[in-house]
1. Among 83, 116, 62, which residue has its Cα furthest toward the positive end of the charge dipole of the chain, with +1 on Lys/Arg Cβ and -1 on Asp/Glu Cβ?
2. Of all chymotrypsin sites (Phe, Trp or Tyr not before Pro) in segment 141-175, which ones are in loop regions per DSSP and have a Cβ with at most 14 other Cβ atoms within 10 Å?
3. Counting alpha carbon pairs within less than 8 Å and at least 6 residues apart, what relative contact order, in whole percent, applies to the chain?
4. Which value, in debye to the nearest 20, gives the size of the charge dipole of the chain about its Cα centre, when Lys and Arg are +1 and Asp and Glu are -1 at the Cβ?
5. For a paramagnetic label modelled at 7 Å from the Cα of residue 55 toward its Cβ, which residues of segment 142-165 fall within the zone defined by backbone nitrogen distances under 16 Å?
6. Rounded, prolate or oblate: pick one for segment 87-167, where a ≥ b ≥ c are the square roots of the eigenvalues of its C-alpha gyration tensor, a/c under 1.5 means rounded, and failing that, prolate if a/b is larger than b/c, else oblate.
7. Take each of the peptides 78-89, 43-54, average the number of other beta-carbon atoms within 10 Å over its residues, and list them starting from the highest.
Amino acid sequence: MKESRVGRTLKEFRESLGKSQELFSRDVLLSRESLSKQENGQRKIQPGLTSQFTSKYNNPWLALEAANEYIGWGITSLDGPAARNDRYFLQLILEKELLEAIKAIPEVKLTEDSNSIQSMELQDIRRSVKVMARVVHYSTLYMAMLCDEYNISWLKIWKDHNIDLKSNGYVSSES
């Protein structure tokens, strides 16, 4: 059976609360058996549980890992041998990537006809896209860390952001 990162994240959080599966399953309105299967990767964590978990505990990590597991790509926590799991590491790596992005953006020469770009221009575009993927990843992890560490509501940040997008006319009010 393949290990589930989201299941591991759920289990680690439950254990950090000092709760047994029995007690925690009552908190999230699941059977203990269902919780156990989700923790050990036998069953995917349901979107409803992810949403409930995020709003009740203000812990964005489960939501990020669940989204990654469901769609097969996306933001995942850094747990490899080169990663230091502290706020300073995330801040430094994000600063480094943001500086790279600032350099990479002007290298992309946007054209009206994307079919007429040269090989070298396409390399610049690919390089820029890779830098942007790292910026998005590290920015999201940095936001999650700040929300988690300073008890800032992850959901409220995103709700406020969506309100700003609508008020600036970037997304329609119907969305």
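Only the coordinates and a few stated rules stand behind these numbers; no lab work does. Given the structure is predicted, the values throughout are model-derived calculations rather than measurements. Note: ideal-geometry Cβ built from the backbone for every residue, glycine included; neighbour counts use all protein chains shown.
1. 62
2. Working: sites: 142, 150, 154, 158, 170; in loops: 150, 170.
Taking segment 141-175 and a limit of 14 other Cβ atoms within 10 Å, the loop chymotrypsin sites (Phe, Trp or Tyr not before Pro) found are 150, 170.
3. Result for the chain is 20 percent.
4. Its charge dipole is roughly 520 debye.
5. 153-160
6. Oblate is the answer for segment 87-167, as a/c is 1.5 or above yet b/c matches or exceeds a/b.
7. In descending order of packing, they fall as 43-54, 78-89.
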